[in-house]
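Peer 1: Have a look at this one before I ask anything.
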Amino acid sequence: MKMLCLHALAALLALLPLASNATQVRVLCQGQLPAEAYYYDGKESHPLKLADGQFAEPIDYPASRFALFATPPSFDSAGKLQTAPIAYTDLPEGAKSALVLLVGTKADGGRQGCTMIAVPSAARGAPPALSVFNLSPVQLGVALDKETLQLPALSAQTLTLPASDSRQPVLDYQFRVAGQANGEWQPLVMSKLRLRPDRQGYLLLTQPAATTGVNASSSEPLAWKLFYAPGS
């Protein structure tokens, strides 16, 4: 989990731009998370309901760094932030709307933590795309037909879907994933992935927790979940 300097965040929050420059943020929740978190809009705190596998209500957020807190953030008499966020991420630069994936994780010693990753939401009329999140502890290579990308651990990228003349509501794509460990690539997944080309998709790639007392490796199986943002 990222640790944030409170003074740096306080300085950022003090310089929030006007709401007319806000980014519409939608949070997708995954894993064990609190039922509610709070965000600060530069003037006051607001609650945000969270639930595993669900999208939180969209919000207009007027800063470039999005942060969530377990309790409403407090400030001292000098205006310095006194509350540590549970997670934060930089929003995509220039994006009018963004999806933020909030994942509940377990750190060393079994402590609960959170990871946040943001990607821009597709603009209306844009070519169909799939945002791929690598939630495993190793670098992954992902291929969708002939489109490919490399994803470091705990990162995300958006891949434009291969063009198709079909008017079918669901299309099949050849889906392949390889994991990198000790400088070598090992095949992990080869399957068909069924996607709706008319909607923005979000693919979450995860690995099961290791049972041998060590971190998961590229030799372990991958699991994946596919989401579509409401209204996309």
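Peer 1: Ordering Arg124, Arg199, Arg176 by how much accessible area each has at a 1.4 Å probe, largest first, what is the list?
Peer 2: Ranked list, largest accessible area first: Arg124, Arg176, Arg199.
Peer 1: Same structure, new question: How large is ³J(HN,Hα) for each residue in the range 144-161, as worked out from phi by the Karplus curve 6.51 cos²θ - 1.76 cosθ + 1.60 (θ = phi - 60°), to whole Hz, x for Gly and Pro?
Peer 2: For the range 144-161, the Karplus-derived couplings read 10, 6, 9, 7, 10, 7, 10, 10, x, 4, 6, 8, 8, 9, 10, 10, 6, 5 Hz, x marking Gly and Pro.
Peer 1: Can you give the percent of C-alpha pairs in the range 16-73 whose distance is more than 13 Å?
Peer 2: Pairs farther apart than 13 Å: 60 percent.
Peer 1: Could you report the accessible area of Lys80 in Å², rounded to 10, computed with a 1.4 Å probe on the protein chains as they sit in the structure?
Peer 2: 90
Peer 1: Then there's this: Through the Karplus equation 6.51 cos²θ - 1.76 cosθ + 1.60, θ set to phi - 60°, convert the phi angles of the range 114-121 into ³J(HN,Hα) values in whole Hz; use x for Gly and Pro.
Peer 2: 9, 10, 10, 9, 10, 9, x, 7
Peer 1: Now for a separate question. Restricting everything to alpha-carbon atoms, can you work out Rg to Rh for the range 16-156 with a Kirkwood hydrodynamic radius?
Peer 2: The Rg/Rh ratio comes out at 0.99.
Peer 1: Can you list the residues, at least 5 places off or on another chain, whose amide H is less than 5 Å from the amide H of Gln139, using H built in the peptide plane?
Peer 2: So Gln139 has HN proximity to Ala153, Gln180.
Peer 1: Could you give each residue of the range 72-80 its phi-based ³J(HN,Hα) in whole Hz, using Karplus coefficients 6.51, -1.76, 1.60 with θ = phi - 60°, and x for Gly or Pro?
Peer 2: Values per residue, Gly and Pro as x: x, x, 10, 10, 7, 5, 8, x, 8 Hz.
The values are calculated or read from the model by the stated rules, or taken from the named source; none is laboratory data. From a predicted model like this one, the values you see are computed outputs, not experimental measurements. The protein model used for the area step is the full one, side chains on, heavy atoms only, and it has no ligands, DNA or RNA in it. Shrake-Rupley method; radii C 1.70, N 1.55, O 1.52, S 1.80 Å.
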